[in-house]
1. Please name which of Thr210, Leu85, Ile106 has its Cα lying farthest along the dipole of the chain towards the positive end, using unit charges on Cβ (Lys, Arg +1; Asp, Glu -1) and the Cα centre as origin.
2. Roughly what would the spin-label model give for Leu151 and Val191, points 7 Å off Cα along C-beta, in nm?
3. With a 10 Å cut-off between alpha carbons and a GNM built on the chain, which of Ala197, Ala167, Ala113 moves the most?
4. How much length is gained on full extension from Glu24 to Asn209, taking 0.36 nm per residue of separation minus their Cα-Cα distance?
5. Give the relative contact order (percent, whole number) for the stretch 80-230; include only Cα pairs under 8 Å separated by 6+ residues.
6. Hey, if we sort Arg220, Arg193 by accessible area with the 1.4 Å probe, largest down, what's the order?
7. Which whole number in µm²/s is D for the stretch 153-201 by Stokes-Einstein, with the Kirkwood Rh taken over Cα pairs at 37 °C and 0.692 mPa s?
8. In the full protein assembly as shown, how much of His118 is accessible to a 1.4 Å probe, in Å² to the nearest 10?
Amino acid sequence: MILAGGRGRRLAPYTDRRPKAMVEVNSTPLLRHQIDWFAGAGVETVVVSAGHRSQVITDYVCAETLPVRTIVVVEDHPLGRGGGLKLAARSLPAPKEPWFASYGDIWTDFPLAEMGAHHLRCGALATVALTPPWLPHGAVVCDALGRVADLAAPPPLACTVNGGVYAFAPGIVPLLPDRGDHADTTLPSLVRRRQLAGYRIDGFWCAVNTPQDLSELSARVAPVPPSPGR
């Protein structure tokens, strides 16, 4: 499942006429990158939870030849991320099987099948991808006296954030809110019950929240031009 209902206000003007998940990185919508990524992991069906400017997504899915069966579920009114997950879960083709979910503003290429295997080994209701924070300019490091020692240091390896990609057991659906953010309700509840696992990803990851994020990501993943012939 791909959560693609967000407005993406911080990405304006790129989101003035399209939902956040349809913003393009070097001519490829974020949504298409994720669909291709899921397909590469062996996923056969993708359910897209759409809301804001959903017609742009519906038109794209109808017009494009996609590598997997793609279903678009549209919210009548904003439900939040948790509500969007719960509504779209009704359209999962195998409701008794585990499933993946991703926020629609994520660009990543880590091996999804390995996360799925980790999820099954842990036996938790949910597994969340963990990644170092996206800090393209590095972290600021101070010495013992509080003086800046490095303006562009790699982030500490022990520091991870919610990467916006999940593996869910079928039993998660009743625990999702009808409206609101699952990160505020469902996830804390799972932590208390020791039913939330973490999987540290091995691969590139970026959340596209601002025009600067988009520009830096586009530069990073741009195709390398061929060397001129001699």
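The values are calculated or read from the model by the stated rules, or taken from the named source; none is laboratory data. From a predicted model like this one, the values you see are computed outputs, not experimental measurements. Neighbour counts run over all protein chains shown; Cβ positions are idealised from the backbone, glycine included. The accessibility values were calculated without ligands, DNA or RNA, using every heavy atom of the protein model including side chains. Shrake-Rupley method; radii C 1.70, N 1.55, O 1.52, S 1.80 Å.
1. Of the options given, the answer is Leu85.
2. 3.5
3. Ala113
4. That works out to 65.3 nm of additional length.
5. Numbers: 213 pairs, mean separation 57.2, N = 151.
That works out to 38 percent.
6. Arg220, Arg193
7. The calculation lands on 260 µm²/s.
8. 40
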